[in-house]
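In what follows, a structure is listed as structure tokens, so that the remarks can point back to it.
The values are calculated or read from the model by the stated rules, or taken from the named source; none is laboratory data. Quick caveat: nothing in here was measured; it's all calculated off a predicted structure. Here the Cβ positions follow ideal geometry from the backbone for every residue, glycine too, while neighbour counts run over all protein chains shown. We work out accessible area using only protein heavy atoms, side chains counted, and drop any ligands, DNA or RNA first. Shrake-Rupley method; radii C 1.70, N 1.55, O 1.52, S 1.80 Å.
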Number of protein chains: 2
Amino acid sequence: MKTLSRKDEIISVASHLFNEKGYKAVSMRDIAQAMDIKASSLYNHISGKQEILSEIILKVAEEFTFGMKKVVSENSSAIEKVEKVIEMHIDITVNYSEALAALNNDWMHLDNTDLIAFVKMREDYEENFRSIIKQGIKAGEIKQYHPEVILFSILSTLRTLYLWYQKRGKLDVNILKKDMVSVLIKGIL
Amino acid sequence: MKTLSRKDEIISVASHLFNEKGYKAVSMRDIAQAMDIKASSLYNHISGKQEILSEIILKVAEEFTFGMKKVVSENSSAIEKVEKVIEMHIDITVNYSEALAALNNDWMHLDNTDLIAFVKMREDYEENFRSIIKQGIKAGEIKQYHPEVILFSILSTLRTLYLWYQKRGKLDVNILKKDMVSVLIKGIL
DNA sequence: TAACAAAACTAACGCTTGTTAGTTAGAATT
DNA sequence: AATTCTAACTAACAAGCGTTAGTTTTGTTA
């Protein structure tokens, strides 16, 4: 196991604090204090507060983008693809649960190019998911509900999962996958 | 139609700004500027920034508490109660969509007694919902999934609804209710 | 052990924050 | 007409913010 670089430590500590109070409510002095150093020392490792935020958010956003790309390229039914997306979400949630707080609540504090990049990734992601659902409806695999309502319903649950995962003490991943797939899929078959 | 008091105007403007950027990212000067007055003038109507936040959040939280109390006291099946809860959520979302942003994302910035009161209301609310679901499972109306997973899945969707309602341009309430009830209920029958 | 790099420190900067004090202009009430 | 109320204003405060410059400590390598 590789040891964390000092920069990675900062990002990890910051993720934890952002998760609790949000980006704007956490100061550089807060982050430094949690590491038992002074705020100015942080600047030996990172260029500023913005860099911390964008590293946290964009890293996870890229995971989602990559995962979705993989699912879309697969040769399988729409329902199977939806299952894969659900499982991907759960895997990312388990590995990055604190970063997901920043991604969900603080993305609007990204600046300029990072903000644009993030919004684009998010829109593309949703559009890909929407396509899978539409395909499934057309193929008769999925009920004829408004695709937007199905998309919204599933995505809301997946995007909020990090909160419940943190609260209900780190549930078993495989059980979680099985239950979530059941509950989210059975309703649309 | 009663005209808004100056205090209510402040709360309305603040809700809008909190909805866009979050409580900590909005300054008293921002709120004042949006009303074309100076920040210090706000203090003729409210005691401070904290009061604005707690008025926004607690008012909606009490709506939820009241609505849930009403549903619980009804003499109807578990599934009917779940339907009522969904419809109540949609009604509140339509009437307070901007306040819901603060309730969901900024509740942790409430202080002392307000924070305690809010967390209690939230826990009670979830516990009531959980009971309805457990009843429904015991009565054979609802599938034998883990109650926590059903609770989480439905509640996530309802709690995030305000975001979609804002984005997809104010959908028709009755259509929304019908679709949401279908999608959320059919999966657990 | 001398040299070098990594990572901490102190001190301070200009700016923004929530809030207070004291004042003023206009409207409503007596 | 005199008084009170409402709601705005200017000016300032102490504290906190992100960040920079320059210096010192720490640990590794030659």
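Since residue B:38 meets every condition but one in (1) within 16 Å of DNA strand C (Cβ to nearest atom); (2) open to solvent by 20 Å² or more (accessible area, probe 1.4 Å); (3) farther than 26 Å from residue B:169 by Cα; (4) in contact (Cβ under 8 Å) with a residue 40 or more places away in the chain, which condition does it not meet?
(4)
For residue A:121, state whether it is modelled with pLDDT of 95 or more and closer than 20 Å to residue B:168 by Cα. Step through it out loud before you land on a result.
Working: modelled with pLDDT of 95 or more: yes; closer than 20 Å to residue B:168 by Cα: yes.
Criteria met by residue A:121.
Given the structure, is residue A:89 open to solvent by less than 60 Å² (accessible area, probe 1.4 Å) and within 14 Å of chain B (Cβ to nearest Cβ)?
yes
Within the range A:128-145, which residues are more than 14 Å from chain B (Cβ to nearest Cβ), within 16 Å of residue A:67 (Cα to Cα) and not aliphatic (A, V, I, L, M)?
Passing the criteria: A:128, A:131.
Return the residue satisfying two criteria in turn: it lies in the range A:133-151 and is within 12 Å of residue A:81 (Cβ to Cβ) and β-branched (Val, Ile, Thr), and of such residues it is surrounded by the most Cβ atoms within 10 Å (Cβ to Cβ).
A:133
Just one of the numbered conditions (1) within 13 Å of DNA strand D (Cβ to nearest atom); (2) polar (S, T, N, Q); (3) within 14 Å of chain B (Cβ to nearest Cβ) is not true of residue A:54; which one?
It fails just one condition, (3).
Name, by its number, the condition in (1) surrounded by fewer than 19 Cβ atoms within 10 Å (Cβ to Cβ); (2) over 19 Å from the mean Cα position of the chain (by Cα); (3) not in a helix (DSSP H, G or I) that does not hold for residue A:178.
(3)
Out of all the residues in the range A:152-169, is one or more at pLDDT below 90, among the basic types (Lys, Arg), at positive phi and open to solvent by 30 Å² or more (accessible area, probe 1.4 Å)?
Checking the range A:152-169: not a single residue is at pLDDT below 90, among the basic types (Lys, Arg), at positive phi and open to solvent by 30 Å² or more (accessible area, probe 1.4 Å).
Could you list, ordered by first residue, the pairs with Cβ atoms under 7 Å in which the first is in the range A:18-32 and within 11 Å of chain B (Cβ to nearest Cβ) and the second is in a helix (DSSP H, G or I) and charged (D, E, K, R), at least 6 apart or interchain?
A:19/A:98; A:22/B:24; A:24/B:24; A:25/B:24
Which condition does residue A:82 not pass, out of (1) among the aliphatic types (A, V, I, L, M); (2) more than 14 Å from chain B (Cβ to nearest Cβ); (3) part of a helix (DSSP H, G or I); (4) open to solvent by less than 30 Å² (accessible area, probe 1.4 Å), if it passes all the others?
Of the numbered conditions (1) among the aliphatic types (A, V, I, L, M); (2) more than 14 Å from chain B (Cβ to nearest Cβ); (3) part of a helix (DSSP H, G or I); (4) open to solvent by less than 30 Å² (accessible area, probe 1.4 Å), the odd one out for residue A:82 is (2).
Go through the range B:24-57 residue by residue and tally those that are under 20 Å from residue A:21 (Cβ atoms) and aliphatic (A, V, I, L, M).
Number satisfying all stated conditions: 7.
Which condition does residue B:75 not pass, out of (1) over 24 Å from residue B:164 (Cα atoms); (2) within 16 Å of DNA strand D (Cβ to nearest atom), if it passes all the others?
(2)
Would you check if there is a residue in the range B:50-58 being open to solvent by 60 Å² or more (accessible area, probe 1.4 Å) and at pLDDT 95 or above? Let's see the steps before the verdict.
Residues of the range B:50-58 open to solvent by 60 Å² or more (accessible area, probe 1.4 Å): B:55.
Filter once more, keeping what is at pLDDT 95 or above: B:55.
Yes - at least one qualifying residue is present in the range B:50-58.
Give me the residue from the range B:110-127 that is within 17 Å of residue B:24 (Cβ to Cβ) and open to solvent by 30 Å² or more (accessible area, probe 1.4 Å) and, out of that set, farthest from the other protein chains (Cβ to nearest Cβ).
Ranking the candidates gives B:114 first.
Within the range A:4-35, which residues are within 13 Å of DNA strand D (Cβ to nearest atom), outside any helix (DSSP H, G or I) and surrounded by fewer than 18 Cβ atoms within 10 Å (Cβ to Cβ)?
Of everything in the range A:4-35, just one residue is within 13 Å of DNA strand D (Cβ to nearest atom), outside any helix (DSSP H, G or I) and surrounded by fewer than 18 Cβ atoms within 10 Å (Cβ to Cβ), namely A:27.
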